[in-house]
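Student: Take this structure first; my questions come after.
Every number in this text was worked out from the coordinates using simple rules, so none of it is lab data. What you see is a predicted model, and the numbers here were worked out from it, not measured in a lab. Here the Cβ is made from the backbone with ideal geometry for all residues, glycine too, and neighbour counts use every protein chain on show.
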Amino acid sequence: MKKIHFSIEINAPKEKVWDVMLADKTYREWTLPFNAAGGYFKGDWSKGSKILFLGKDPNTGEEGGMVSTIAENKPYEFLSIEHLGIVNNGVEDTTSEAARKWTPAFENYSFEEQNGITTLTVDMDSEDSMAEEFNKMWPEALQKLKELAEKE
């Protein structure tokens, strides 16, 4: 498991950045770099809740993604997602060898605001073979999130 880190400054209050990041409509927009066919979530962001991060394979149309839980939610300050397994063709898998490659893995978001500018920091555990891909996708996704949050 590799640890990867990203940070971006967004010219918006942390409350707005948080809301844009987690709202269904804008989540689908800023996460496009991770799944060009469109990513979405099923569940909610409250601490202890189960949440699925899903997308359709553009070639097969099968639904896949991650099975996760919200490990911590301190509104407008910190969000921690614990990935527990994978979803293949709509079926949750937390026990196979492929699923265990992703666990335990955390994806943490920290929000710090100073003078109306929010620094969003992402710290993530990545399955080794995906780290290079994430290093390409995350900056694009964060740039899109910045654009959405800075809109009036």
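Student: What is the sum of charges, Lys and Arg at +1 and Asp and Glu at -1, for the other residues whose Cβ falls under 13 Å from the Cβ of residue 140?
Tutor: Values: positive: 136, 144, 146; negative: 29, 133, 147.
Result for the neighbourhood of residue 140: 0.
Student: What is the distance, in nm, between label points placed 7 Å from the Cα along the Cα-to-Cβ direction at residue 2 and at residue 32?
Tutor: For the pair residue 2/residue 32, the computed spacing is 2.6 nm.
Student: Given a cut-off of 22 Å, name the pairs among 3/101; 2/151; 42/74; 2/101 whose C-alpha atoms lie farther apart than that in the structure shown.
Tutor: Working: 3/101 14 Å; 2/151 34 Å; 42/74 20 Å; 2/101 11 Å.
Going by Cα-Cα distance, 2/151 fall outside the 22 Å limit.
Student: Something else about it: How do 78, 111 rank when sorted from fewest to most other Cβ atoms within 10 Å of their own Cβ? Walk me through the intermediate numbers first.
Tutor: Values: 78 14, 111 21.
The order, fewest Cβ neighbours first, is 78, 111.
Student: Given Cα pairs under 8 Å that are at least 6 residues apart, what percent is the relative contact order of the chain? Intermediate values should be presented prior to the final figure.
Tutor: Working: 333 pairs, mean separation 47.3, N = 152.
The normalised contact order for the chain reaches 31 percent.
Student: Let me ask something else. What is the distance in Å between the Cα centres of region 80-151 and region 42-57?
Tutor: 12
Student: While we're on this one: Sum -39500 (n - 2.57) across every DSSP H segment of at least 4 residues in the chain, then divide by the residue count to get the 222 nm mean residue ellipticity, nearest 500. Mind dumping the intermediate values first?
Tutor: Details: 4 runs with 40 residues, N = 152.
Dividing the helical sum by the residues of the chain leaves -7500 deg cm²/dmol.
Student: For the chain, take the longest principal axis of its alpha carbons; what is the angle in degrees between that and the long axis of helix 131-150, to the nearest 10 within 0 to 90?
Tutor: Helix 131-150 sits roughly 40 degrees off the main axis of the chain.
Student: Within 14 Å, Cβ to Cβ, of residue 65, how many net charges do the neighbouring residues add up to if Lys/Arg are +1 and Asp/Glu are -1?
Tutor: Working: positive: 28, 42, 50, 56; negative: 57, 62, 63, 92, 93, 107, 127.
Residues close to residue 65 contribute a combined charge of -3.
Student: Please report the equivalent ellipsoid semi-axes of region 66-143, computed as sqrt(5 x eigenvalue) of the Cα gyration tensor, largest first, in whole Å.
Tutor: Numbers: eigenvalues 142, 48, 19 Å².
That gives 27, 15, 10 Å for the three semi-axes.
Student: Still on this structure, I have one more. Net charge near residue 106: determine it from the other residues with C-beta under 12 Å of the C-beta of residue 106, scoring Lys and Arg +1 and Asp and Glu -1.
Tutor: Values: positive: 3; negative: 72, 82, 107, 123, 125.
With Lys, Arg at +1 and Asp, Glu at -1, the net is -4.
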